[in-house]
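Colleague: Sharing a structure with you now.
The values are calculated or read from the model by the stated rules, or taken from the named source; none is laboratory data. Keep in mind it's a predicted model, so treat the numbers as computed, not measured. Positions of Cβ are generated from backbone atoms using ideal geometry, with glycine treated the same way; all protein chains shown enter the neighbour counts. Protein only, heavy atoms only, side chains kept; ligands, DNA and RNA dropped before computing areas. Shrake-Rupley method; radii C 1.70, N 1.55, O 1.52, S 1.80 Å.
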Amino acid sequence: MDGLENRPKGIEIVAVAPITQDTEVVQTTVFVPERAADHFVQKVTQYRNEDTKGGRPKNEKLVASLQDVRLAGVRALFTDALGTFPADDEEIWWEVWIRGDRKPNFERAARRLEIALKDHALGFPERMVILAL
């Protein structure tokens, strides 16, 4: 997972989970803000077009370790045991961990999508935890 995070650009790992219970291969979900969307494209372009002083492709360790890249859905953010993800028709309360400064944006989006939220939130220095149905 070397090189996936870039804190100055706001890029951070938000979830890591094994693909299956009996493998060491993991799925890593990375938050990439829109302003940094070209960061990984640039890394892959450098891998394809540039070499290090040692003659290896630039960013090889990062790019060669990637199997797939795609937009994340809810399952990609789920960090509990693999078999405990709720059924499609099951209503449950979710703990939604968001950056504290994004709480108003999240609340607006929840209203638009008609997602019920509990009135209170649990605050941590870098995150807020909100319950959403």
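Colleague: Of the residues that make up the stretch 49-65, is at least one open to solvent by 100 Å² or more (accessible area, probe 1.4 Å), assigned to a helix (DSSP H, G or I) and at pLDDT 90 or above?
Modeller: yes
Colleague: Conditions: (1) in contact with a strand residue (DSSP E or B) (Cβ under 7 Å, 6 or more places away or on another chain); (2) open to solvent by 40 Å² or more (accessible area, probe 1.4 Å); (3) among the acidic types (Asp, Glu). GLU12 meets all but one. Number of the miss?
Modeller: In the conditions (1) in contact with a strand residue (DSSP E or B) (Cβ under 7 Å, 6 or more places away or on another chain); (2) open to solvent by 40 Å² or more (accessible area, probe 1.4 Å); (3) among the acidic types (Asp, Glu), GLU12 misses (2) alone.
Colleague: Does the stretch 111-133 contain any residue that is in contact with a strand residue (DSSP E or B) (Cβ under 9 Å, 6 or more places away or on another chain) and under 21 Å from LEU4 (Cα atoms)?
Modeller: Yes, the stretch 111-133 contains a residue that is in contact with a strand residue (DSSP E or B) (Cβ under 9 Å, 6 or more places away or on another chain) and under 21 Å from LEU4 (Cα atoms).
Colleague: Can I ask one more? Tally up the residues in the stretch 92-118 that are under 18 Å from LEU77 (Cβ atoms) and outside any helix (DSSP H, G or I), please.
Modeller: 11
Colleague: Then there's this: Can you report the number of residues in the stretch 70-116 which are loosely packed, with under 10 Cβ neighbours inside 10 Å and closer than 30 Å to LYS43 by Cβ?
Modeller: So the answer is 5.
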